[in-house]
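Student: Got a structure here, written out as structure tokens. Questions coming.
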Amino acid sequence: METNLDILLVSEDDVVTNQVLNTLDQEDSSLSVISAEDTVREVNRQTRDIIVFVQSNNDNSVELIQYIKSVNPSTYIIFLARDSDFTILRNISKAGAEDFFVLPDEMSLFLSRFPTIKKNYEMKKSNREESTVVFGKGRGQIYSFYSGKGGSGKSIISSTFAQTLKLESAAEVILIDFNIQYGGIETMMSIETNRSIADLTPVIEELNESHVRNVSQTETHSQLEILVSPCDAEVGETLDDQFIAKLLRTCRRSFDYVIIDLPSDINHLMVTAMEESDKIYYVLYPETSSLKVLKHYEELCTRLGIDLQSRLEIVLNETSKENELQEGDLKDILRFPITAAIRRDLKGLQTFINKGEPVRKSPNEKRLIPFAKDIRKFTRAVLK
Ligand SMILES: Nc1ncnc2c1ncn2[C@@H]1O[C@H](COP(=O)(O)OP(=O)(O)OP(=O)(O)O)[C@@H](O)[C@H]1O
Ligand SMILES: [Mg+2]
């Protein structure tokens, strides 16, 4: 069997690291050692087969394991615990770890079992590869649009971006409106429906693609799937973190791109959505007060343990020569890359907003408004 497994050892304990490195046969696999804080970045960088996770010092092991599983449900996780606290072990299993061993007593057991674990994994992996050829689906990308400032263009940009992605490629795309209380996407995309995300609650435990497609609405011009908001704070209260995580993981498996319109107010549901996202596009209006809001958001994420460095990118909106700050100035100030710049286009957008029509309707439209051209440029760069 020809395999070359990609194995990660997440460890901050040199003794454990050395023991593992000395014993494991590394001939037919690549093994790298990283610290817990680099986990998110490293699992996003490439698909990992097996992760041996040594309990981290600042006890975010459960969250990290959940994250690894959300990125790739087939990554095999082995947890090496430093204490036999039952609650931790139970939470680790719930988060998705396949195996755990308690150190130091079970170190030799782990090392002796590892070759078998590896072999079983290899077999499962080659089966999986055969079946992916049949279904032809890869791992979907989740892109969230966010801004700490209300009215900055999140909804119009995310919906036009999703629509353009669908029109300009063969990808399966779904747009989700997480503005639970007020909605907004349904108006912009002229969708009338009494079904919303909340209708998935009864089936959330066994959620699959057809449940999602039963509730989502198909935009008539592009066939973009849209999950609209319940537009009801009370209904929103019945949703929890697990609901959001399960919904997004199902969408990730069934679509190539999952585009999310996030509200500016952050609650625990939106934290989950951000954690599940591969990218967060922060919509920034080029002026000093917006930079302050961004700074504030960065601080909040640090406190919440959301890693921004690996996933936040800036989308400048309403750029214009008259603005206080220009793209060049911002490049020097910002810690994040500027991925797109969208011109202010009051005249062009007005008709669409007033009529409640999507900005894009067909693949080869000849006359696009400046706003739509800028979004198309952004989309094409993403598709590359
Ligand atoms: N590039 C632009 N040029 C001109 N007008 C724009 C541009 N981007 C957004 N707007 C206008 O700004 C208004 C707010 O946009 P939008 O509703 O998308 O913002 P939002 O961030 O989703 O707001 P909220 O926080 O209320 O959800 C809209 O009327 C929209 O037409
Ligand atoms: Mg909005």
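The values are calculated or read from the model by the stated rules, or taken from the named source; none is laboratory data. Just so it is clear, the structure is predicted and the values come from calculations on it, not from any experiment. Don't worry about glycine lacking a Cβ; one is built from the backbone with ideal geometry, like all the others, and counts go over all protein chains shown.
Student: Within the range 146-171, can you find the residues that are farther than 16 Å from residue 222 by Cα, surrounded by fewer than 24 Cβ atoms within 10 Å (Cβ to Cβ) and more than 7 Å from ligand 1 (Cβ to nearest atom)?
Tutor: 148, 149, listed by residue number.
Student: Can you name the residue in the range 168-198 that is more than 22 Å from the chain's Cα centre (by Cα) and in a helix (DSSP H, G or I) and is also nearest to residue 270 (Cα to Cα) among such residues?
Tutor: Only one residue tops the list, namely 186.
Student: I'm told residue 321 meets every condition in (1) closer than 27 Å to residue 291 by Cα; (2) touching a Gly at 6+ places or on another chain (Cβ under 9 Å); (3) assigned to a loop (DSSP other than H, G, I, E, B) except one. Can you identify the failing condition by its number?
Tutor: If we test residue 321 against (1) closer than 27 Å to residue 291 by Cα; (2) touching a Gly at 6+ places or on another chain (Cβ under 9 Å); (3) assigned to a loop (DSSP other than H, G, I, E, B), just (2) comes out false.
Student: How many residues does the range 310-326 contain that are more than 10 Å from ligand 1 (Cβ to nearest atom) and touching a Leu at 6+ places or on another chain (Cβ under 6 Å)?
Tutor: Result for the range 310-326: 1.
Student: I would also like to ask the following. Report, by residue number, each residue of the range 172-213 that is within 16 Å of ligand 1 (Cβ to nearest atom), surrounded by fewer than 21 Cβ atoms within 10 Å (Cβ to Cβ) and among the aliphatic types (A, V, I, L, M).
Tutor: 191
Student: Please go through the range 339-360 and pick out each residue that is more than 16 Å from ligand 2 (Cβ to nearest atom) and among the small types (Gly, Ala, Ser).
Tutor: Those that are more than 16 Å from ligand 2 (Cβ to nearest atom) and among the small types (Gly, Ala, Ser): 340, 341, 348.
Student: Let me ask something else about it. Would you call residue 316 outside any strand (DSSP E or B), surrounded by 13 or more Cβ atoms within 10 Å (Cβ to Cβ) and not polar (S, T, N, Q)?
Tutor: So residue 316 does not fit the description; no.
Student: Given the residues 243, 255, which is the only one that is touching a helix residue (DSSP H, G or I) at 6+ places or on another chain (Cβ under 8 Å), away from ligand 1 (no atom under 15 Å from the Cβ) and aromatic (Phe, Trp, Tyr)?
Tutor: Unique residue meeting the criteria: 243.
Student: Are any of the residues in the range 81-88 surrounded by fewer than 13 Cβ atoms within 10 Å (Cβ to Cβ), of a type in the set (Gly, Ala, Ser), assigned to a loop (DSSP other than H, G, I, E, B) and on the phi < 0 side of the Ramachandran plot?
Tutor: yes
Student: Restricting to the range 48-74, give me the number of residues that are part of a loop (DSSP other than H, G, I, E, B), within 17 Å of residue 310 (Cβ to Cβ) and in contact with an Asp or Glu (Cβ under 7 Å, 6 or more places away or on another chain).
Tutor: 1
Student: Residues in the range 110-132: is at least one surrounded by 12 or more Cβ atoms within 10 Å (Cβ to Cβ), in a loop (DSSP other than H, G, I, E, B) and at pLDDT below 90?
Tutor: no
Student: Then there is this: Considering only residues that are of a type in the set (Val, Ile, Thr), over 26 Å from residue 40 (Cα atoms) and in contact (Cβ under 8 Å) with a residue 60 or more places away in the chain, which ones fall in the range 300-358?
Tutor: Across the range 300-358, the qualifying residues are 342, 353.
Student: Considering only residues that are modelled with pLDDT under 95 and assigned to a loop (DSSP other than H, G, I, E, B), look in the range 363-384 and name the one that is nearest to ligand 2 (Cβ to nearest atom).
Tutor: Among those residues, the one meeting the criterion is 365.
Student: How many of the residues making up the range 227-263 are closer than 12 Å to residue 181 by Cβ, within 16 Å of ligand 2 (Cβ to nearest atom) and buried (at least 17 other Cβ atoms within 10 Å of the Cβ)?
Tutor: 5
Here's the yes/no breakdown for (1) among the basic types (Lys, Arg); (2) more than 16 Å from ligand 2 (Cβ to nearest atom):
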position: 89; (1), (2): no, yes
position: 121; (1), (2): no, yes
position: 127; (1), (2): no, yes
position: 144; (1), (2): no, no
position: 149; (1), (2): yes, no
position: 186; (1), (2): no, no
